[in-house]
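Comments concern the structure below.
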Amino acid sequence: MFPAAIETERLRLERLDHEHVDPFELYAVTSAPEMAEVWRYTPFDPHETVYDAVEYVDDAVDRWDDAESADYAIRPREGEDGAGEFAGSAFLNTEWDRRTGRLGIWLAKPFWGRGYSEERATALLTLAFDRLDLEVVSVTHNVENDKSRRAVGKYVDRFGGRREGVLRNFVGDGDYVSDEVRYTISREEWLENRPGELAVEFVDEPDTPNEDLGGGDR
Amino acid sequence: MTDHDLFPAAIETERLRLRQLDRGTVGTLDLYEITGRSETIEEETRYLTMEPHDTPEETRDMIAGAEDQRENADGAVYAVYPREGESGAGEIAGTTSLTCLWDRREARPGIMLRKRFWGRGYSGERAMALMKLAFDRLDLEIFSPAHFDGNENSRRAIEKYVGRVGGQYEGVLRNWVPDGDEIHDLHRYSVSRAEWGANRPADLAVEFGDGEVANDE
């Protein structure tokens, strides 16, 4: 259901699993002190051992297999500074009963300020609407997170979506309770405002011969 | 029975008495008269996820669900009765609930009021009681009423009592409530504990009681 990889002009998103992500390259980011300013606006606990990173991938694999969430590793493509490196993680969480996809992203610090967030949003909006037939894509950020406010506000405007409001205590996880600004983009808004020349390409895993299907020879 | 007493068995306000919905307080068939047989139930549930009950068994499940919710400390459901002096005193005027999202320190109220009891301000009166429960007793941070798009009666009632205690309208969440083949947009409001503390009515007459008191009447 979810493409194994998605390519945009400057990025390649690869399925976040053990085949495509090395726990040490993930851990280098998720344990970096400089990332604290990112985590402070999320319920995420920085990783303390590389095993935390292994479990992070395990969870993403489970959610993928259960069709609950498409989690990707973000890698800049050739020509970009740091091409091929692990630049961060992005997901489209599928709330099927709400016909809603929820976006999330975090980027390692060297990759900030390049507009990668919007490029990845375009890719995952394409996935949500064109491939998964969802009705709404939502994104929230902590009300005090100015960086996210700028990045999210920009692409939500661009795609004709709307800022719904500030939802108090909308996220709660352990000690972390957060007021969130929620935005949504509907399928109609997307169809009206999607980029004319969409450079988003889905790369599916090659079909594995399925010998269990059908009667076959016994 | 559970041994926790997070939710009082009975709550009294000036004009209302709330009693926790369980098999000991409300007869299944009595409640089914309201949730199933009533001629006004379609109109009363039009903007709720609750569907009119087709059989008493669904009403039984509703009561059992309320008991489970309470046992798990997920919240409480109350039957609402007008007190003496009110027209229809002692009848079940509807049901109201308080759902606790402990991770978010949040309490969500819900209500289903029979049409003949509309327009009396009962929703606001019970909201004050549930806010007192949420903030003063359960130490939660946020009380978050909500209504579907198009539900003008609830909108007016909520705006009035949220405004009275200094709360706010947050916005409309698109595609928020799956309901059979439909998905409703939800208008959400919130009152914080601080707003409640600063604006709660000085003359608020709300009393929490235990089960035995409730069984006398």
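The numbers here are math on the coordinates, done by the rules we state, and not lab data. This one's a predicted model, so the numbers in the text were calculated from it and none came from an experiment. In this analysis, Cβ positions are derived from the backbone assuming ideal geometry, glycine residues included, and neighbour counts consider all displayed protein chains.
I need the calculated FRET efficiency for the pair B:Arg46 and A:Glu144, taking r as the beta carbon distance and R₀ as 35 Å, to the nearest 0.05.
Details: r = 39 Å, r/R0 = 1.12.
About 0.35, to the nearest 0.05.
What average number of partner chain Cβ atoms lie no more than 10 Å from the Cβ of the residues making up B:165-173?
Numbers: counts 0, 0, 1, 3, 1, 8, 8, 5, 10.
Per residue, the average neighbour count from other chains is 4.
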Quick shape check on the protein assembly as shown: root eigenvalues a ≥ b ≥ c of the Cα gyration tensor, a/c under 1.5 is rounded, otherwise prolate if a/b tops b/c, else oblate, and it reads prolate
Measuring from its Cα centre, the stretch A:22-119 shows a charge dipole (+1 at each Lys and Arg Cβ, -1 at each Asp and Glu Cβ) which, in debye to the nearest 20, is 460
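At 222 nm, what helix-only mean residue ellipticity would chain B give, in deg cm²/dmol to the nearest 500, using -39500 (n - 2.57) for each DSSP H run of four or more? It would help to have the intermediate numbers written out before the result.
Details: 7 runs with 61 residues, N = 217.
Result for chain B, helices only: -8000 deg cm²/dmol.
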Centre separation in Å (Cα based) which lies between the stretch B:134-207 and the stretch A:1-37 = 40
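Given +1 on the Cβ of Lys and Arg, -1 on the Cβ of Asp and Glu, and no further charges, what dipole in debye does the stretch B:66-121 carry about its Cα centre, rounded to the nearest 20? Walk me through the numbers on the way to the answer.
Values: 9 positive and 9 negative charges, 77 e Å.
Result for the stretch B:66-121 is approximately 360 debye, rounded to the nearest 20.
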For the stretch B:4-146 (alpha-carbon point model, no solvent) the Debye-based log₁₀ I(q)/I(0) at q = 0.10, 0.19 Å⁻¹ works out to -0.31, -1.19
Rg and Dmax [Cα atoms of chain A; Å; Rg one decimal, Dmax integer] | 17.8, 63
Excluding same-chain residues fewer than 8 positions from A:Lys154, which lysines have a Cα within less than 21 Å of its Cα?
-> A:Lys109
Show which lysines lie in cross-link reach of B:Lys115 when reach means a straight Cα distance below 27 angstrom and same-chain residues fewer than eight apart are skipped.
-> B:Lys132, B:Lys160
Would you give the gap between the C-alpha center of the stretch B:93-117 and the C-alpha center of the stretch A:55-126, rounded to a whole Å?
-> 37
Considering only DSSP beta bridges whose two residues both sit in the protein assembly as shown, what percent are antiparallel, to the nearest 5?
-> 95
What are the extents of the Cα atoms of the stretch B:28-69 along their three principal axes, listed from largest to smallest and rounded to whole Å?
-> 28, 20, 13
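Residue by residue through A:156-169, how many Cβ atoms from other chains fall within 10 Å of the Cβ on average? Please report the intermediate quantities before stating the final value.
Values: counts 0, 0, 0, 0, 0, 1, 3, 1, 8, 9, 4, 8, 15, 12.
Per residue, the average neighbour count from other chains is 4.
Looking at the stretch B:1-41, which trypsin sites (Lys or Arg not before Pro) are DSSP coil and have at most 16 other C-beta atoms within 10 Å of their C-beta?
For trypsin sites (Lys or Arg not before Pro) across the stretch B:1-41 that sit outside H, G, I, E and B with at most 16 neighbouring Cβ atoms in 10 Å, the list reads B:Arg23.
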Spin-label point model (7 Å from Cα, Cβ direction): what's the A:Trp112 to A:His20 distance in nm?
-> 2.6
Check: chain B dipole with +1 on Lys, Arg Cβ and -1 on Asp, Glu Cβ, in debye | 920
A:Asp157 and A:Asp52 label points (each 7 Å along its Cα→Cβ direction) are spaced in nm at 3.6
Kindly rank B:121-129, B:28-36, A:45-53, A:76-84 from highest to lowest mean number of other beta carbons found within 10 Å of each residue.
-> B:121-129, B:28-36, A:45-53, A:76-84
